[in-house]
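S.K.: Starting off with a structure, shown below.
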Amino acid sequence: MKKMKLGSYTPGTSLIHQLDPRTKLLSGLVVIIVILVDNSWPVLVLNTVLIFLVLYLSKISPKSVLHGVKWLWIIFAASFIAHCVCTQGEPWFSLGPLVVSKEGISRGLATFLRLLILYLCSTILTMTTSPMKLAGGLEALFAPLIYLRVPVNQFAMLITIALRFIPTLIEEAETITKAQKSRGAPFASPKKMVRLKTTLAVLIPLVVSSLQRATDLAVAMESRCYTGGPHHSRTKNLCFGRYDLVALAVTVVICISGTIVG
Amino acid sequence: MPVIEINNLSYVYNAGTLNEKRALDNITLSVEKGEFLGIVGANGSGKSTLIQHFNGLLLPSSGSIFVLGHDTRDKQYRSQLWKSVGLVFQFPEQQIFEATVYDELAYGLRNIGLGQPEIEVRVKEALENVGLIPEEQFLNTEPLCLSGGMRRRIAIASILAMKPDILVLDEPTAGLDPEGYAHILDTIKRCRKNQDVTVVMVSHYINDLLILSDRLVLLDDGCLQIWGPTREVLASADVKDYDLLFPDYIKLLHNLKKQGFQVNTGVLTLEEAVDEIDRLLEGE
């Protein structure tokens with residue numbers, strides 16, 4: 001892989017890396033719900049401070065998080081500009097026919113912060129939690145649904161396998177693309193139909209090999225007595241410790257105090 | 001005149017990230033027109049990365065590579081390089097996507113822009129070259145219905161049909177049964193004889209390369225360890241450092257030499273090794 005994929009797991013030993021995946025999932029969920037429900041300034045500012053604190057504690061370079069988001073900046077900027085121009089209120093200044101209101105700038109900034117928090121929340125979660133831990137965390141959080149006869153274990157296995165094979169598929173797609181390029185596949189052709197046909201030259205072999213791999217994996221799992229039940233064990237069990245409690249408490253306190261002040 | 005000239009080439013994957021890995025380190029070598037160059041090395045030694053520089057799929061992080069006299073950094077030239085350098089990837093049967101053998105072989109030829117009559121001639125020629133005869137029997141077959149070995153030959157034929165000046169093969173015999181293995185090696189020999197093509201072949205197993213190669217390259221952890229005419233490479237004392245790569249009879253001769261016997265270690269085949277040992281025994 002030429003470049004690190006956006007949000008891919010970066011191994012580390014920071015405090016955030018060591019937190020239980022359930023803590024990170026729950027905290028992320030709380031923060032996201034609060035900023036989506038309540039867009040008052042205290043909530044947004046406190047959560048922005050919280051998320052940057054988490055980024056600092058995770059010891060991931062802010063550059064690598066923010067750099068990988070080039071195309072998202074366009075959405076951020078577009079939503080900010082749209083809010084500035086389209087919100088009616090007390091005019092601040094005008095650019096030709098476009099009138100920028102003070103309320104518009106305020107709402108634009110609020111939306112920008114919400115989007116930024118959403119992005120950082122999900123990116124820091126996936127960058128500091130290995131796919132296997134993430135799947136384990138999801139399984140544990142959804143475990144109560146077993147009583148409603150929801151096949152949680154199967155879903156967890158499904159997610160684990162899907163996450164496990166994403167890098168493999170990306171690598172394979174890159175190799176097939178290179179192989180087709182070596183036969184002159186016109187990936188950069190100006191004609192749409194030609195480009196579509198060229199994409200098929202990568203997609204078809206990729207689907208064929210994925211199906212083959214899925215069949216092999218199913219046979220390998222069955223031959224090791226996998227029946228889809230809850231009876232499989234993990235090499236590392238999840239552990240909810242003191243730091244997790246502190247982290248959850250801090251998140252909840254910040255979210256509640258922000259809402260009360262707002 | 002060299003068809004490929006590499007000067008101080010280095011290549012780094014994921015440069016500037018935590019996953020940074022130096023795959024090739026300061027490689028300098030050249031490939032002469034019409035020669036057979038064998039590249040050998042363990043997994044992760046940089047063999048596949050190196051050959052992807054030959055048709056411009058990868059560009060050096062530092063250093064330079066000239067293919068057929070032009071720098072591959074020239075974008076215009078690089079975009080046309082696939083026509084002159086045919087690269088057969090590892091497990092090439094996985095790239096097959098067309099519905100019939102004919103279409104699969106014609107894919108590259110259509111991209112070159114050849115006319116229908118020329119394509120038909122070249123497809124049949126390529127099938128014959130890889131030993132899939134009579135050609136008519138295979139032309140309308142679905143490639144996925146064929147055996148793994150046959151699919152591999154079709155994938156190789158799809159490159160041969162383009163008649164490249166330089167043919168680069170990445171582990172063409174990996175994972176094949178003895179019959180498939182023999183067919184692929186026959187194809188390479190035939191192709192070299194009939195088309196006067198320069199061949200670069202990568203392999204884990206040096207036995208394939210000993211008989212075919214004019215010169216041999218040994219890569220280890222991204223560095224060029226040995227490069228020279230095959231017999232000279234085998235005769236050199238450095239071979240001892242790469243025990244697992246070389247066949248037992250070469251190791252035996254090197255051990256005999258180490259114990260003070262006057263023995264020629266530059267042998268290619270088991271038969272030559274037997275003759276050498278016979279000569280040694282008769283001498284005593």
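S.K.: Given B:94, B:116, which one is crowded, with 20+ Cβ neighbours inside 10 Å and over 12 Å from residue B:158 (Cα atoms)?
M.R.: Of B:94, B:116, the one residue that is crowded, with 20+ Cβ neighbours inside 10 Å and over 12 Å from residue B:158 (Cα atoms) is B:94.
S.K.: Within the range A:177-193, is even one residue more than 10 Å from chain B (Cβ to nearest Cβ), under 29 Å from residue A:130 (Cα atoms), hydroxyl-bearing (Ser, Thr, Tyr) and surrounded by 12 or more Cβ atoms within 10 Å (Cβ to Cβ)?
M.R.: Checking the range A:177-193: not a single residue is more than 10 Å from chain B (Cβ to nearest Cβ), under 29 Å from residue A:130 (Cα atoms), hydroxyl-bearing (Ser, Thr, Tyr) and surrounded by 12 or more Cβ atoms within 10 Å (Cβ to Cβ).
S.K.: Please find, among A:98, A:36, A:29, A:44, the residue that is exposed (fewer than 15 other Cβ atoms within 10 Å of the Cβ) and in contact (Cβ under 8 Å) with a residue 60 or more places away in the chain. It would help to see each step written out before you state the result.
M.R.: Values: A:98 fails: in contact (Cβ under 8 Å) with a residue 60 or more places away in the chain; A:29 fails: in contact (Cβ under 8 Å) with a residue 60 or more places away in the chain; A:44 fails: exposed (fewer than 15 other Cβ atoms within 10 Å of the Cβ).
The match here is A:36.
S.K.: Residue A:219 - would you say it is assigned to a loop (DSSP other than H, G, I, E, B), free of Cβ contacts under 8 Å to residues at least 24 places away in the same chain and more than 14 Å from chain B (Cβ to nearest Cβ)?
M.R.: Answer is no for this residue.
S.K.: So the check is Cβ under 6 Å with 6+ separation or different chains; which pairs have a first residue in the range B:99-114 that's more than 13 Å from residue A:197 (Cα to Cα) and modelled with pLDDT under 95 and a second one that's aromatic (Phe, Trp, Tyr) and not in a loop (DSSP other than H, G, I, E, B)?
M.R.: Correct list of pairs: B:101/B:138.
S.K.: Restricting attention to the range A:164-175, does a residue exist that is in contact with a Phe, Trp or Tyr (Cβ under 9 Å, 6 or more places away or on another chain), within 11 Å of chain B (Cβ to nearest Cβ) and surrounded by 13 or more Cβ atoms within 10 Å (Cβ to Cβ)?
M.R.: Yes - at least one qualifying residue is present in the range A:164-175.
S.K.: Across the range A:194-214, which residue is surrounded by the most Cβ atoms within 10 Å (Cβ to Cβ) among those that are more than 9 Å from chain B (Cβ to nearest Cβ) and hydroxyl-bearing (Ser, Thr, Tyr)?
M.R.: Here the residue is A:198.
S.K.: In the set B:243, B:248, B:214, which member is out of contact with any Gly (no Cβ under 8 Å at 6 or more places or on another chain) and at pLDDT 90 or above? Lay out the reasoning, then the answer.
M.R.: Working: B:243 fails: at pLDDT 90 or above; B:248 fails: at pLDDT 90 or above.
After ruling out the rest, the residue left standing is B:214.
S.K.: Restricting the search to the range B:138-165, which residues are at positive phi and surrounded by fewer than 17 Cβ atoms within 10 Å (Cβ to Cβ)?
M.R.: Of the residues in the range B:138-165, the ones at positive phi are B:163.
Of everything in the range B:138-165, nothing turns out to be at positive phi and surrounded by fewer than 17 Cβ atoms within 10 Å (Cβ to Cβ).
S.K.: Suppose we keep only residues that are facing chain A (nearest Cβ under 9 Å) and not aliphatic (A, V, I, L, M) within the range B:96-112. Which one would you say is nearest to residue A:182 (Cα to Cα)?
M.R.: Per the stated criteria, the residue is B:108.
S.K.: Now for a separate question. Only one of B:123, B:130 is crowded, with 19+ Cβ neighbours inside 10 Å and in contact with a His (Cβ under 8 Å, 6 or more places away or on another chain). Can you tell me which? Let's see the steps before the verdict.
M.R.: Values: B:123 fails: in contact with a His (Cβ under 8 Å, 6 or more places away or on another chain).
B:130 is the lone residue from the list that is crowded, with 19+ Cβ neighbours inside 10 Å and in contact with a His (Cβ under 8 Å, 6 or more places away or on another chain).
S.K.: Also, I was wondering about something else. Among the residues of the range A:163-178, are any polar (S, T, N, Q) and in contact with a helix residue (DSSP H, G or I) (Cβ under 6 Å, 6 or more places away or on another chain)?
M.R.: Yes - at least one qualifying residue is present in the range A:163-178.
S.K.: Please count how many residues of the range B:128-173 are hydrophobic (A, V, I, L, M, F, W, C), in a helix (DSSP H, G or I) and under 28 Å from residue B:31 (Cβ atoms).
M.R.: Total meeting the criteria: 6.
S.K.: When you look at residue A:109, is it surrounded by fewer than 16 Cβ atoms within 10 Å (Cβ to Cβ), at pLDDT 85 or above, assigned to a helix (DSSP H, G or I) and touching a His at 6+ places or on another chain (Cβ under 9 Å), yes or no?
M.R.: For residue A:109, the condition - surrounded by fewer than 16 Cβ atoms within 10 Å (Cβ to Cβ), at pLDDT 85 or above, assigned to a helix (DSSP H, G or I) and touching a His at 6+ places or on another chain (Cβ under 9 Å) - is met.
S.K.: Still on this model: What residue, of B:208, B:238, is free of Cβ contacts under 8 Å to residues at least 24 places away in the same chain and either surrounded by 16 or more Cβ atoms within 10 Å (Cβ to Cβ) or not aliphatic (A, V, I, L, M) (or both)?
M.R.: B:238
S.K.: With the condition kept exactly as written, say whether any residue in the range B:222-238 is assigned to a loop (DSSP other than H, G, I, E, B), out of contact with any strand residue (DSSP E or B) (no Cβ under 6 Å at 6 or more places or on another chain) and either farther than 30 Å from residue B:22 by Cα or at pLDDT 85 or above (or both).
M.R.: no
S.K.: Could you tell me which numbered condition residue A:242 fails, if it satisfies all but one of (1) within 11 Å of another protein chain (Cβ to nearest Cβ); (2) surrounded by fewer than 15 Cβ atoms within 10 Å (Cβ to Cβ)?
M.R.: Single failed check for residue A:242: (1).
S.K.: In the range B:174-218, how many are among the hydroxyl-bearing types (Ser, Thr, Tyr) and in a helix (DSSP H, G or I)?
M.R.: Number satisfying all stated conditions: 2.
S.K.: How many of the residues in the range B:52-71 are part of a strand (DSSP E or B) and in contact with a helix residue (DSSP H, G or I) (Cβ under 7 Å, 6 or more places away or on another chain)?
M.R.: Quick first cut of the range B:52-71, residues part of a strand (DSSP E or B) only: B:62-67, B:70-71.
Checking the rest, the ones that are also in contact with a helix residue (DSSP H, G or I) (Cβ under 7 Å, 6 or more places away or on another chain) come to B:67, B:70.
Result for the range B:52-71: 2.
S.K.: Here's something else I'd like to know. Go through the range A:142-158 and give me each residue that's surrounded by fewer than 17 Cβ atoms within 10 Å (Cβ to Cβ) and not hydroxyl-bearing (Ser, Thr, Tyr).
M.R.: Passing the criteria: A:142, A:143, A:144, A:145, A:146, A:148, A:149, A:150, A:151, A:154, A:155, A:158.
S.K.: Here's something else I'd like to know. Considering each of A:176, A:204 in turn, give the residue that is in contact (Cβ under 8 Å) with a residue 12 or more places away in the chain, within 29 Å of the chain's Cα centre (by Cα) and part of a helix (DSSP H, G or I).
M.R.: Of the residues listed, the single one that is in contact (Cβ under 8 Å) with a residue 12 or more places away in the chain, within 29 Å of the chain's Cα centre (by Cα) and part of a helix (DSSP H, G or I) is A:176.
The values are calculated or read from the model by the stated rules, or taken from the named source; none is laboratory data. Keep in mind that what you see is a predicted model, and the values were worked out from it rather than measured. Note that we place each Cβ from the backbone using ideal geometry, even for glycine, and neighbour counts take in every protein chain shown.
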